[in-house]
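In what follows, a single structure is set out as structure tokens and then discussed.
The values are calculated or read from the model by the stated rules, or taken from the named source; none is laboratory data. As the structure is a computational prediction, the values presented were derived from the model and not from experiment. Note that each Cβ is placed from the backbone with ideal geometry, even for glycine, and that neighbours are counted across all protein chains shown.
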Amino acid sequence: MKSCTTDELWVTWIFYKDKYLRGRNPTIPEQGFNFWSEQAETMINHRHVEVDRPPDYLKKCVCAVAEILFIQEQGAKPGELVSESNANYSWKAAEAEKQSDVSAKIRSTINKYLAGTPLHNEFVYRGVR
């Protein structure tokens, strides 16, 4: 699976929309997709394994991780007001999702998509832990 690297991203917007989402509404907007896809690739491929023509299961893994990263970034910030009530003077501030929780979610997602594949050892055991 090792080959020459290219500057191209593993996943395109079209793949995300048509093959990963399969008719569902996109979580990541088209204009920001390349950024989040690249962030996901970086999270998955810590060792900079060279992949020529990534298989669909790797592309779907990138899409899933990109969505986790996007949602985490777009979520309410710690202490941000998320609800209030004037009659009782109550309010509720957002609680931050711990970075360890996000990392665990990403590791779990990577394992879900790559378990039992030839790339599992390359990315999981030698890269993401």
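Here are some notes:
- Of the residues making up segment 105-129, those that are assigned to a helix (DSSP H, G or I), aliphatic (A, V, I, L, M) and at pLDDT 90 or above are Ile106, Ile110, Leu114.
- Subset of segment 39-54 that is surrounded by 15 or more Cβ atoms within 10 Å (Cβ to Cβ) and not aliphatic (A, V, I, L, M) - its residue that is nearest to Ile68 (Cα to Cα): Gln39
- With respect to the conditions (1) modelled with pLDDT under 90; (2) part of a helix (DSSP H, G or I); (3) out of contact with any helix residue (DSSP H, G or I) (no Cβ under 8 Å at 6 or more places or on another chain), Thr42 lacks only one, and its number is (1).
- Yes/no for Val102 being part of a helix (DSSP H, G or I), modelled with pLDDT under 90, surrounded by 14 or more Cβ atoms within 10 Å (Cβ to Cβ) and among the hydrophobic types (A, V, I, L, M, F, W, C): yes
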